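Each value in this text was obtained by applying a stated rule to the coordinates, not by laboratory testing. Note that the structure is predicted; figures quoted are calculated from it, not measured. Glycine gets a Cβ as well: all are built from the backbone with ideal geometry, and neighbour counts include every protein chain shown.
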Amino acid sequence: MHAEWIEQVRRFNRTVTQRVGALDDAFLSRDRPLGQARLLWEIGTGASEVRDLRARLDLDSGYLSRLLRALQADGLVVVEAADADGRVREVRLTADGRTELAELDRRSDELAASILQPLNEHQRDRLVTAMADVERLLTASMVRIDPVDPGHPAVRHCLQAFFAELAGRFEEGFDPGVSRTADHTQITPPAGLLLVATLHDEPVGCGAFRLRLGPPGTVPPGPDGYAELKHMWVSPAVRGLGLGRRLIAELEAHAAAAGVRTVRLDTHRALVEAVGLYKAAGYREIDAYNDEPYADHWFEKTL
């Protein structure tokens with residue numbers, strides 16, 4: 001990692017925290033710090049589960065509890081058991097909490113306007129555009145990719161969303177029972193691997209490979225063996241963040257570590273974005289190497 005990159009990130013962090021008032025005990029000239037105000041915004045006007053708040057804000061449970069106690073002491077929130085499940089705690093704003101939230105919104109708008117006001121029109125456009133880029137890239141940096149057991153609930157979530165999307169995009173529909181999808185044993189080490197991407201503890205993508213053409217019972221495969229990418233999916237909510245490329249790179253690295261030098265995959269003609277992604281990642285189109293009924297394109301890459 002370049003030292004100048006590290007220094008620029010640190011300098012940016014210092015400038016932003018000072019400019020937005022993150023260092024003030026009374027954020028936006030109210031009687032509470034930024035952490036409490038941010039929590040009020042996250043709760044919003046409905047009910048929020050405490051565990052969801054912790055995940056969305058990436059907060060330690062102890063710190064979140066202290067923030068909630070402070071807001072409760074000020075009469076701004078109520079924490080109670082959920083109607084559907086008494087083990088789940090929910091948070092709601094009180095009437096005073098909704099009033100405080102509206103005031104925070106007003107003052108936050110004023111702060112944003114004060115940041116833009118000294119700049120000319122061209123500078124404002126540059127700043128807002130740069131902020132959008134920074135937000136997108138910071139979000140991308142918060143996505144985690146980890147190996148996961150194929151039976152994990154996060155995997156079921158990803159695959160259900162993936163198969164539903166395929167059914168909607170393929171003219172002929174999609175039936176996972178007809179497709180040559182990878183079963184759990186094929187994407188469990190050492191036979192293969194499955195990765196899940198998460199953002200704020202929510203699954204937002206997945207990808208897997210299975211090792212093919214080795215001698216029976218042999219892992220890794222022999223000299224003619226290859227890794228086949230399967231279940232490549234990224235949630236629409238995080239597309240455009242480079243996550244698909246990250247998943248491919250991670251899978252390739254794991255495949256190489258398993259002794260594989262060739263990676264193959266197939267895809268459907270309707271998935272034009274996927275075709276572009278694979279070509280950009282260095283895959284070349286080859287003749288059909290399998291009998292996948294939903295495949296129109298086959299690709300290969302030498303690692």
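So if I place +1 on the C-beta of Lys and Arg and -1 on the C-beta of Asp and Glu, and nothing else carries charge, what would the dipole magnitude of the chain be about its Cα centre? I want it in debye, nearest 20. Working shown, then result.
On the way: 37 positive and 46 negative charges, 144 e Å.
Charge dipole of the chain: 700 debye, to the nearest 20.
Stretched out fully, how many nm does the piece from ASP287 to VAL9 gain, at 0.36 nm a residue minus the Cα gap?
Values: separation 278, 0.36 × 278 = 100.08 nm, distance 4.62 nm.
My answer for the length gained is 95.5 nm.
Using the charge dipole of the chain (Lys, Arg: +1 at Cβ; Asp, Glu: -1 at Cβ; taken about the Cα centre), state which of ALA22, VAL275, THR139 has its Cα farthest towards the positive end.
Going by the charge dipole, the pick is ALA22.
So which trypsin sites (Lys or Arg not before Pro) in the range 1-65 end up in coil per DSSP with only 11 or fewer other C-beta atoms within 10 Å?
Working: sites: ARG10, ARG11, ARG14, ARG19, ARG30, ARG38, ARG51, ARG54, ARG56; in loops: ARG30.
The qualifying sites: there are none.
Can you give me the three principal axis dimensions of the range 147-303 from its C-alpha atoms, in Å, biggest first?
39, 34, 30
Just to be sure I understand the rule: take each whole DSSP H helix in the chain, project its Cα atoms onto its long axis, keep it if the span is 27 Å or more and its mean Kyte-Doolittle hydropathy is at least -1.0. Which ones pass? Each step should come with its number before you reach the end.
On the way: long enough: 95-116 (32 Å, -0.47); 121-141 (30 Å, -0.44).
The answer, listed by residue number, is 95-116, 121-141.
How big is D for the chain, in µm² s⁻¹ as a whole number, if Stokes-Einstein is applied with the Kirkwood radius of its Cα pairs at 10 °C and 1.306 mPa s?
69 µm²/s
Less than 12 Å Cβ to Cβ from LEU59, Lys/Arg counted +1 and Asp/Glu -1: what total charge do the surrounding residues give?
On the way: positive: ARG38, ARG51, ARG54, ARG56, ARG66; negative: GLU42, ASP52, ASP58, ASP60, ASP201.
Charge balance in the 12 Å sphere: 0.
May I ask which residue of GLY97, LEU159, PHE12 lies farthest towards the positive end of the charge dipole of the chain, with charges of +1 (Lys, Arg) and -1 (Asp, Glu) on Cβ and the Cα centre as origin?
After comparing all options, I get PHE12.
Run the dipole for the range 88-202 about the Cα centre, Lys and Arg Cβ at +1, Asp and Glu Cβ at -1, nothing else charged, and hand back the magnitude in debye, nearest 20.
Details: 12 positive and 20 negative charges, 33 e Å.
In total the dipole reaches around 160 debye.
May I ask you to compute the full-extension gain from ASP31 to ARG56, defined as 0.36 nm times their residue separation minus their alpha-carbon distance, rounded to one decimal in nm? Walk me through the numbers before you get to the answer.
Working: separation 25, 0.36 × 25 = 9.00 nm, distance 2.42 nm.
Length difference between fully extended and current span is 6.6 nm.
Tell me, what is the FRET efficiency for ARG66 and THR129 to the nearest 0.05, using R0 = 30 angstrom and their Cβ-Cβ distance as r? Show your work: numbers first, answer last.
Details: r = 37 Å, r/R0 = 1.24.
For ARG66 and THR129, the calculated efficiency is 0.20.
Under a crude label model (7 Å from the Cα following the beta-carbon direction), how far is THR139 from ALA102 in nanometres?
3.0 nm
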